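One structure coming up, written as structure tokens, with questions to follow.
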Amino acid sequence: MLRILANDGMDASAVKHLSDCGHEVVTTFYELDVLKEKINEFDALIVRSATKVRKELIDVMAGGRCKLVIRAGVGIDNIDHVYAEEKGIAVRNTPNSSSASVAELTIGHMFAISRFIGISNYTMRNGEWNKKAYSGVELGEKTLGLIGFGRIAREVAKRAKALGMDVIYTDHLGKLEGFDEFKFVEMDELLSESDYISLHIPFIKEMGPTLGEEQFAAMKDGVRIVNAARGGVVCEKALLKALNSGKVAGAALDVFEQEPTLNEELINHPNVSATPHIGASTAEAQKRIGVETYRTVLSFFEE
Ligand code: MLT
């Protein structure tokens, strides 16, 4: 019998499946101090984004019972994964489960910043009828530039194409086989040609933001930006400046440099559509993440 700690919770059907297989799943949330005391009572630790698995915790785990950390999600930036692997603790994620949900939110945000959906909803609730102020633009026939062309970006690309958009992409791997309906371009061309730019890349601290002042300057006037990837890949200071100058006509943000964000000037900007990191927060994605997670646990310990 395995003892598994899902410190940030887990979809009930996945908990049931593991229990039915004879394993014990604890879904209590432990703060770091308690977690450090308890962690070696478990074989595997499952986290979402709330629990940070940093060196301090990994040092306690090293050589102990807990041999596997699973990030129930895509980004593993809340886990010091290189250090963990060095200490003999395997780190896995669930890269296959949330792409459709994140892609749908991305498209939803593109509509929101094109048609003032959030702000007009908000002002109507305050008794205003600002019909003239909310004249927007269509997505059809616009160019969408995708930075990063992994699983999520490809789902965005399919949906955007169905909406009549031209989709171009750039990726650190270069042109990718099997996606000829979408045009690979270098970053410079993507910045200068896109009406919408959506990022689908991890944040690598040492590299800093992918979009900063220099990149905004290279974009079309009136470009719209979507970031449902990771805070930090867009420099918030530079984005705010570009919004205020009108260079950027709209920005949709699901992720922030700091979460929860304290950047009120940015989220209160009339041309910003903001959500609190809910890309994978759908019933369907969480169910799939649960399945991918329990399969990963079971196959890891079968090996
Ligand atoms: C992920 O990395 O899976 C997403 O950002 C969703 C999340 O962190 O909840």
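The values are calculated or read from the model by the stated rules, or taken from the named source; none is laboratory data. Bear in mind that the values here come from a model prediction, so they are computed numbers and not experimental data. Ideal geometry is used to build each Cβ from the backbone, glycine not excepted, and the neighbour counts take in all protein chains shown. For accessibility, only protein heavy atoms count, side chains too; no ligands or nucleic acids. Shrake-Rupley method; radii C 1.70, N 1.55, O 1.52, S 1.80 Å.
Restricting the search to region 52-76, which residues are open to solvent by 80 Å² or more (accessible area, probe 1.4 Å) and within 16 Å of the ligand (Cβ to nearest atom)?
K52, the sole residue that qualifies.
Can you name every residue in region 1-45 that is open to solvent by less than 20 Å² (accessible area, probe 1.4 Å), within 19 Å of S299 (Cβ to Cβ) and touching a helix residue (DSSP H, G or I) at 6+ places or on another chain (Cβ under 6 Å)?
Correct list: A14, L18, A44.
Further, regarding this structure: Is there a residue being within 16 Å of the ligand (Cβ to nearest atom) and touching a residue at least 12 places away in the same chain (Cβ under 8 Å) anywhere in region 213-227? Steps first, please.
Kept after step one, since they are within 16 Å of the ligand (Cβ to nearest atom), are these residues of region 213-227: 226-227.
Now restrict to residues that are touching a residue at least 12 places away in the same chain (Cβ under 8 Å): 226-227.
Yes, that holds for at least one residue.
Right, next: Can you tell me which of R288, R230 is at negative phi, part of a loop (DSSP other than H, G, I, E, B), within 16 Å of the ligand (Cβ to nearest atom) and open to solvent by 30 Å² or more (accessible area, probe 1.4 Å)? Working first, answer last.
Details: R288 fails: part of a loop (DSSP other than H, G, I, E, B).
Residue meeting the stated conditions: R230.
So is E155 in contact with a Ser or Thr (Cβ under 6 Å, 6 or more places away or on another chain), assigned to a helix (DSSP H, G or I), among the charged types (D, E, K, R) and open to solvent by 30 Å² or more (accessible area, probe 1.4 Å) or not? Please lay out each step first, then the result.
Working: in contact with a Ser or Thr (Cβ under 6 Å, 6 or more places away or on another chain): yes; assigned to a helix (DSSP H, G or I): yes; among the charged types (D, E, K, R): yes; open to solvent by 30 Å² or more (accessible area, probe 1.4 Å): yes.
Against the criterion (in contact with a Ser or Thr (Cβ under 6 Å, 6 or more places away or on another chain), assigned to a helix (DSSP H, G or I), among the charged types (D, E, K, R) and open to solvent by 30 Å² or more (accessible area, probe 1.4 Å)), E155 qualifies.
What's the total number of residues in region 79-121 that are among the charged types (D, E, K, R) and under 28 Å from A157 (Cβ atoms)?
Initial filter on region 79-121 (among the charged types (D, E, K, R)): 80, 85-87, 92, 104, 115.
Filter once more, keeping what is under 28 Å from A157 (Cβ atoms): 92, 104, 115.
Counting residues in region 79-121 that are among the charged types (D, E, K, R) and under 28 Å from A157 (Cβ atoms) gives 3.
Then there is this: Looking only at strands (runs of 3 or more DSSP E) that lie completely in region 164-227, which have at least 2 residues being in contact with a Ser or Thr (Cβ under 9 Å, 6 or more places away or on another chain) and surrounded by fewer than 22 Cβ atoms within 10 Å (Cβ to Cβ)? Spell out how you get there, then give the answer.
Working: elements: 166-170, 196-199, 223-227.
Hits in region 164-227: 166-170.
Being open to solvent by 20 Å² or more (accessible area, probe 1.4 Å) and closer than 18 Å to M110 by Cβ is the filter here, so list the residues in region 248-263 that pass it.
A249, the sole residue that qualifies.
Residues that are of a type outside the set (S, T, Y) and under 21 Å from P95 (Cα atoms): does region 180-198 have at least one?
Within region 180-198, the first condition is being of a type outside the set (S, T, Y), and the residues that meet it are 180-191, 193, 195, 197.
Narrowing the set further to residues that are under 21 Å from P95 (Cα atoms) leaves none.
Within region 180-198, not a single residue is of a type outside the set (S, T, Y) and under 21 Å from P95 (Cα atoms).
Would you mind finding the one in G145, G75 that is assigned by TED's automatic domain parsing to the domain that holds G232, in contact with a strand residue (DSSP E or B) (Cβ under 9 Å, 6 or more places away or on another chain) and in contact (Cβ under 8 Å) with a residue 40 or more places away in the chain? Before you say what the answer is, go through the steps one by one.
Working: G75 fails: assigned by TED's automatic domain parsing to the domain that holds G232.
Answer to the selection: G145.
Which of (1) in contact with an Asp or Glu (Cβ under 9 Å, 6 or more places away or on another chain); (2) on the phi < 0 side of the Ramachandran plot does I79 not meet, given it meets every other one?
Failed condition: (1).
Please go through region 235-257 and give me each residue that is within 16 Å of the ligand (Cβ to nearest atom) and either farther than 28 Å from G73 by Cα or touching a helix residue (DSSP H, G or I) at 6+ places or on another chain (Cβ under 9 Å) (or both), ordered by number. Quick ask: steps written out before the conclusion?
Looking only at region 235-257, we keep the residues that are within 16 Å of the ligand (Cβ to nearest atom), and these are 252-257.
If the condition is that a residue be within 16 Å of the ligand (Cβ to nearest atom) and either farther than 28 Å from G73 by Cα or touching a helix residue (DSSP H, G or I) at 6+ places or on another chain (Cβ under 9 Å) (or both), then A252, L253, D254, F256, E257 are the ones that fit.
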